[in-house]
Amino acid sequence: MQRYLFSRLIQSALLMVGVLVITFFMVRLTGDPARVMTPRDASPERVEAMREAMGFNDPLIIQFTRYMGGAARGNFGQSLHYRAPAMSLVMQRVPATIELTLAAMGFALFFAIPLGVFGGSRPGSIWDTLARGFGLLGQTVPNFWLALMLIVVFAVDLGWFPSFGRSGPMSIVLPAVALGFFPLGQFVRLVRSATLEVRGEDYIRTAYSKGIEERAVLGRHVFRNVSITLVSIVGVQFGYMLGGSIYIESIFSWPGIGRMINEAVQARDFPLVQAIAVFSAGFVVVLNLLTDVAYALIDPRIRYED
Amino acid sequence: MHGETVLRVRDLSVQFDSIDGTVHAVNNVSFDLKRGETLGIVGESGSGKSVSMMSLVRLIAEPPGKITSGSAMFITSDGEVDLLSLSRRQLSRLRGDRIGFIFQDPMSSLNPLMSVGAQIAESVRKHTQLQRAAAKTRAIELLEHVGIPGAKQRYDNYPHQFSGGMRQRVMIAIAISCNPDILIADEPTTALDVTVQAQIADLTNRLCKELSISVIWISHDLGVVAGLADQLMVMYGGTVVEYGEVEQVYAHPRHPYTIGLLGALPKLSKTEERLVNIAGAPPSLFSPPTQCPFADRCPWVFERCESERPALYDVGGEGRAGVVRSDDATDGRGSSDGWVDSHLTACFYDLERNRRRDADEPVAVRPGALAHEEQG
């Protein structure tokens with residue numbers, strides 16, 4: 001177990017170094033960074049001033065050392081737009097985004113697991129029809145369209161929920177549903193097919209032969225095995241949600257990282273974009289690590305390997 | 001207690017619906033199982049031996065499976081009950097408690113995510129009033145009972161930390177955890193090494209004799225069954241073709257299929273280059289059972305075999321030949337406790353031969369069959 005986690009930890013650290021290298025060159029491979037960071041009609045003097053201020057005149061190796069040294073201390077430079085340290089700006093937005101992602105994930109799992117398990121355990125039943133229906137809808141309905149429809153129906157017409165902003169528990173419902181609908185569809189499909197597969201396993205027959213009733217067989221034996229597959233996709237989906245939240249946060253004016261990416265790109269605020277990219281990558285790496293831990297907790301074959 | 005019938009199955013038929021049509025997997029199977037005895041069931045893959053036993057306790061997939069006829073009286077000191085008429089809830093109370101199971105592949109029969117101890121304790125807690133700690137003690141006791149060294153430490157181990165033979169011991173522990181009346185062992189040694197096979201067979205046999213559990217031992221290994229079973233049932237094409245005491249059937253097989261099977265056993269005394277086989281292929285189970293299932297491969301086939309399905313006839317002794325053994329036609333001579341003392345076979349040729357023995361009248365058979373008969 002320790003060896004397993006230790007090796008995953010080393011892999012994650014190496015991955016983060018790779019991310020830093022890529023984000024460093026990302027800025028420099030998209031043309032002249034000083035030009036990118038200044039308005040299109042900026043005077044040559046202003047561009048030159050920017051180049052000097054950002055240190056783009058120094059040799060690449062000096063720039064790289066400076067960047068990595070700063071990154072190690074969490075310093076990604078000043079945001080051009082907000083005139084404040086980029087990473088601390090990102091950190092201010094993190095709670096809102098995590099809140100929204102968790103709510104969306106909770107919504108998706110809450111509906112996907114029972115639908116998938118019951119659908120998969122009784123193919124052809126009403127549960128199965130529902131499961132397959134939601135699986136298809138979740139995969140095909142674009143989330144920005146769904147977000148707009150939710151606003152039209154539940155905020156404007158019915159007035160049940162606020163249409164934008166982050167104020168109180170009601171305000172998170174619509175963005176969470178809009179963001180969670182795609183993963184909901186994916187989870188339902190996955191849980192359903194995994195359940196179909198697991199319920200035919202010999203050890204499920206063994207459980208029935210012990211006289212265990214269906215409900216307990218599904219909960220104790222089937223779902224535990226299905227959750228191995230589920231955990232892997234939940235980890236990946238968490239990462240995607242960060243990306244998906246760009247539209248959703250913008251539509252609902254949710255003060256999270258997604259909306260900040262949108263603003264930073266439009267303002268050509270490269271240090272901020274860089275900080276967000278590194279943070280998001282770090283977030284995904286941590287999620288992967290947690291996924292690996294979850295695997296080990298669920299599956300003794302991983303826990304006791306080597 | 002010994003000698004009483006604990007399970008009386010009559011006329012059991014099971015069908016499966018498939019895209020290509022209805023599969024007649026089990027047709028009118030009847031047998032008796034006596035308390036404390038072992039009934040061996042042999043037959044090739046697809047002969048219906050597993051399906052017929054699993055359908056008794058509804059461990060087949062329904063749908064597509066469907067039990068179309070029959071009864072299965074389960075007789076204990078608490079009274080008689082027809083297993084096939086029970087609800088799923090009532091059945092699940094019997095499974096694991098009164099009827100235990102061991103399956104073919106120990107590598108996949110245990111849940112990989114649960115400790116073996118927990119899997120034994122789960123069954124114990126389901127059927128007894130024992131609390132968590134007591135169930136654990138009982139599970140450790142059972143692990144010791146099936147010969148797992150260091151049972152206390154092994155309780156928390158997971159299936160992947162056990163070898164195939166050890167896992168099968170765990171399965172046995174689960175099966176006998178509630179001192180069942182019946183143990184259904186579905187080819188429990190097929191997936192194991194030969195040396196381990198013998199250990200598992202001996203262990204099962206010893207424990208069941210100790211606890212006077214009746215065993216239904218499904219196998220396609222005639223050697224294993226010969227050493228374990230009291231009664232033997234030979235299945236072919238979803239039907240019982242021969243049934244009797246194991247020594248009787250091995251010494252004097254009466255059905256052409258059994259004769260072929262025993263003839264196909266390699267002999268240590270002879271160094272044959274090729275293994276003997278039964279010509280032809282197993283019957284299609286799609287067609288409804290209107291003829292003898294073995295007719296296409298039988299060297300002694302004659303007209304009647306292809307127009308009518310033979311019932312089980314008693315061939316136990318000269319005087320008893322030709323008696324149809326079903327409950328409404330025991331002819332006053334069979335004991336009310338069923339067929340256990342009989343040697344039955346479902347073959348018209350054997351019947352005809354017996355009938356005409358006195359009259360010295362030959363049965364018309366396919367040309368070339370007589371040479372075969374001399375061997376048999």
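The values are calculated or read from the model by the stated rules, or taken from the named source; none is laboratory data. Because the structure is a prediction, the values reported are computed rather than measured. All Cβ positions, glycine included, derive from the backbone under ideal geometry; neighbour counts span all protein chains shown.
Look through A:VAL27, A:VAL90 and report the one residue that is assigned to a helix (DSSP H, G or I) and at pLDDT 85 or above. Reasoning before the result, please.
Working: A:VAL27 fails: at pLDDT 85 or above.
So the residue among A:VAL27, A:VAL90 that is assigned to a helix (DSSP H, G or I) and at pLDDT 85 or above is A:VAL90.
Any residue that is under 27 Å from B:SER50 (Cα atoms), buried (at least 23 other Cβ atoms within 10 Å of the Cβ) and in contact with a helix residue (DSSP H, G or I) (Cβ under 6 Å, 6 or more places away or on another chain) - is there at least one of those in the range B:130-141? Full working, then the answer.
As a first pass, look at the range B:130-141 and keep what is under 27 Å from B:SER50 (Cα atoms): none.
No: the range B:130-141 contains no residue that is under 27 Å from B:SER50 (Cα atoms), buried (at least 23 other Cβ atoms within 10 Å of the Cβ) and in contact with a helix residue (DSSP H, G or I) (Cβ under 6 Å, 6 or more places away or on another chain).
Name the residues in the range A:139-152 that are within 15 Å of A:PRO183 (Cα to Cα) and either part of a helix (DSSP H, G or I) or free of Cβ contacts under 8 Å to residues at least 24 places away in the same chain (or both), would you? Steps first, answer last, please.
Residues of the range A:139-152 that are within 15 Å of A:PRO183 (Cα to Cα), as a first pass: A:139-144, A:146-147.
Scanning the range A:139-152 gives A:GLN139, A:THR140, A:PRO142, A:ASN143, A:PHE144, A:LEU146, A:ALA147.
Return the only residue of A:VAL198, A:VAL177, A:VAL226, A:VAL265 being crowded, with 20+ Cβ neighbours inside 10 Å, more than 14 Å from every other protein chain (Cβ to nearest Cβ) and of a type in the set (A, V, I, L, M, F, W, C). Talk me through it step by step, then tell me what you get.
Values: A:VAL198 fails: more than 14 Å from every other protein chain (Cβ to nearest Cβ); A:VAL226 fails: more than 14 Å from every other protein chain (Cβ to nearest Cβ); A:VAL265 fails: crowded, with 20+ Cβ neighbours inside 10 Å.
It is A:VAL177.
Going through the range A:1-20 one residue at a time, which ones are touching a residue at least 12 places away in the same chain (Cβ under 8 Å), more than 17 Å from A:PHE283 (Cβ to Cβ) and either among the aromatic types (Phe, Trp, Tyr) or surrounded by 11 or more Cβ atoms within 10 Å (Cβ to Cβ) (or both)?
Step one: of the range A:1-20, the residues touching a residue at least 12 places away in the same chain (Cβ under 8 Å) are A:1, A:3-5, A:8-9, A:12, A:15-16, A:19-20.
The next check asks that each one be more than 17 Å from A:PHE283 (Cβ to Cβ); those that pass are A:1, A:3-5.
Within the range A:1-20, A:MET1, A:TYR4, A:LEU5 meet the criteria.
Just give me the residues in the range A:193-213 being within 27 Å of B:THR128 (Cβ to Cβ), part of a helix (DSSP H, G or I) and hydrophobic (A, V, I, L, M, F, W, C), in sequence order.
Scanning the range A:193-213 gives A:ILE204, A:ALA207.
Run B:PRO63 past the list (1) of a type outside the set (Asp, Glu); (2) within 13 Å of chain A (Cβ to nearest Cβ); (3) crowded, with 20+ Cβ neighbours inside 10 Å and report the number of the one that doesn't hold.
With (1) of a type outside the set (Asp, Glu); (2) within 13 Å of chain A (Cβ to nearest Cβ); (3) crowded, with 20+ Cβ neighbours inside 10 Å applied to B:PRO63, the lone miss is (3).
Looking at A:ILE233, A:ILE251, which is the one that is within 18 Å of the chain's Cα centre (by Cα) and within 20 Å of A:PHE161 (Cβ to Cβ)? Lay out the reasoning, then the answer.
Details: A:ILE233 fails: within 20 Å of A:PHE161 (Cβ to Cβ).
Criteria check complete, one pass: A:ILE251.
I'd like to check something: does the range B:18-35 contain any residue that is part of a strand (DSSP E or B) and in contact with a Cys (Cβ under 9 Å, 6 or more places away or on another chain)?
No; the residues of the range B:18-35 include none that is part of a strand (DSSP E or B) and in contact with a Cys (Cβ under 9 Å, 6 or more places away or on another chain).
Residues in the range B:150-178 that are more than 14 Å from chain A (Cβ to nearest Cβ) and touching a Lys or Arg at 6+ places or on another chain (Cβ under 9 Å): how many?
1
Which residue, of A:LEU115, A:LEU136, is among the aliphatic types (A, V, I, L, M), part of a helix (DSSP H, G or I) and touching a residue at least 60 places away in the same chain (Cβ under 8 Å)? Quick ask: steps written out before the conclusion?
Values: A:LEU136 fails: touching a residue at least 60 places away in the same chain (Cβ under 8 Å).
Of the residues listed, the single one that is among the aliphatic types (A, V, I, L, M), part of a helix (DSSP H, G or I) and touching a residue at least 60 places away in the same chain (Cβ under 8 Å) is A:LEU115.
Considering the range A:30-52 alone, what residues qualify as being in contact (Cβ under 8 Å) with a residue 40 or more places away in the chain and not in a helix (DSSP H, G or I)?
So the first thing to find is which residues in the range A:30-52 are in contact (Cβ under 8 Å) with a residue 40 or more places away in the chain, and the list is A:33, A:36-39.
Passing the criteria: A:THR38, A:PRO39.
May I ask you to say which residue of B:GLY100, B:GLY46, B:GLY70 is touching a Leu at 6+ places or on another chain (Cβ under 8 Å), within 14 Å of chain A (Cβ to nearest Cβ) and not aliphatic (A, V, I, L, M)?
Details: B:GLY46 fails: within 14 Å of chain A (Cβ to nearest Cβ); B:GLY70 fails: within 14 Å of chain A (Cβ to nearest Cβ).
One residue alone meets the criteria, B:GLY100.
Please list, ordered by first then second residue, the pairs with beta carbon atoms under 7 Å, 6 or more apart or interchain, first in the range A:273-298 and closer than 23 Å to A:VAL90 by Cβ, second of a type in the set (D, E, K, R).
What qualifies is A:LEU289/A:ARG8.
Going by what's in this entry, would B:ASP221 be described as in contact (Cβ under 8 Å) with a residue 24 or more places away in the chain, surrounded by fewer than 23 Cβ atoms within 10 Å (Cβ to Cβ) and not basic (Lys, Arg)? Step through it out loud before you land on a result.
Values: in contact (Cβ under 8 Å) with a residue 24 or more places away in the chain: yes; surrounded by fewer than 23 Cβ atoms within 10 Å (Cβ to Cβ): yes; not basic (Lys, Arg): yes.
Here the answer is yes, as B:ASP221 does meet what is asked.
Would you point out which residue out of A:ASP292, A:ASP299 is surrounded by 19 or more Cβ atoms within 10 Å (Cβ to Cβ), more than 27 Å from A:VAL36 (Cα to Cα) and either within 14 Å of another protein chain (Cβ to nearest Cβ) or in contact with a strand residue (DSSP E or B) (Cβ under 7 Å, 6 or more places away or on another chain) (or both)?
Working: A:ASP292 fails: either within 14 Å of another protein chain (Cβ to nearest Cβ) or in contact with a strand residue (DSSP E or B) (Cβ under 7 Å, 6 or more places away or on another chain) (or both).
Answer to the check: A:ASP299.
Here are the criteria: (1) within 25 Å of B:PRO283 (Cα to Cα); (2) in contact with a strand residue (DSSP E or B) (Cβ under 6 Å, 6 or more places away or on another chain). Tell me which single one B:PRO256 does not satisfy.
Checking B:PRO256 against (1) within 25 Å of B:PRO283 (Cα to Cα); (2) in contact with a strand residue (DSSP E or B) (Cβ under 6 Å, 6 or more places away or on another chain), the one that fails is (2).
Conditions: (1) of a type outside the set (Ser, Thr, Tyr); (2) surrounded by 20 or more Cβ atoms within 10 Å (Cβ to Cβ); (3) under 30 Å from A:ASP299 (Cβ atoms); (4) at pLDDT 85 or above. B:PRO112 meets all but one. Number of the miss?
For B:PRO112, the failing item is (2).
Restricting attention to the range B:73-97, and to residues there that are touching a residue at least 24 places away in the same chain (Cβ under 8 Å) and within 12 Å of chain A (Cβ to nearest Cβ), which single residue is surrounded by the fewest Cβ atoms within 10 Å (Cβ to Cβ)? So that I can check it myself, show each step before the final result.
Going through the range B:73-97, the residues touching a residue at least 24 places away in the same chain (Cβ under 8 Å) turn out to be B:73-76, B:83-84, B:88, B:91, B:93-97.
Filter once more, so that each one left must be within 12 Å of chain A (Cβ to nearest Cβ): B:88, B:91, B:93-97.
Values: B:ARG88: 13, B:LEU91: 18, B:ARG93: 16, B:LEU94: 20, B:ARG95: 24, B:GLY96: 27, B:ASP97: 20.
Within the range B:73-97, the match that is surrounded by the fewest Cβ atoms within 10 Å (Cβ to Cβ) is B:ARG88.
Which residue is nearest to A:PHE110 (Cα to Cα), if the candidates are limited to the range A:225-244 and must be of a type in the set (Gly, Ala, Ser) and in contact (Cβ under 8 Å) with a residue 40 or more places away in the chain? Full working, then the answer.
Here is the first cut: in the range A:225-244, the residues of a type in the set (Gly, Ala, Ser) are A:227, A:232, A:235, A:239, A:243-244.
Among the residues that remain, those that are also in contact (Cβ under 8 Å) with a residue 40 or more places away in the chain are: A:227, A:232, A:235, A:239, A:244.
Numbers: A:SER227: 14, A:SER232: 17, A:GLY235: 16, A:GLY239: 19, A:GLY244: 20 Å.
My answer is A:SER227.
Scan the range B:70-81 for residues that are at pLDDT 85 or above and within 14 Å of B:ILE99 (Cα to Cα) and jot them down.
Listed by number, the residues that qualify are B:ALA72, B:MET73, B:PHE74, B:ILE75, B:VAL81.
Within the range A:207-223, track down each residue that is of a type in the set (Val, Ile, Thr) and within 8 Å of another protein chain (Cβ to nearest Cβ). Show your work before the answer.
Taking the range A:207-223 first, the residues of a type in the set (Val, Ile, Thr) are A:212, A:217, A:222.
The answer is A:ILE212, and nothing else.
I need the helices (runs of 4 or more DSSP H) fully contained in the range B:82-159, keeping only those with at least 3 residues that are under 27 Å from the mean Cα position of the chain (by Cα).
On the way: elements: B:88-94, B:116-127, B:132-145, B:151-154.
Those helices (runs of 4 or more DSSP H) span B:88-94, B:116-127, B:132-145.
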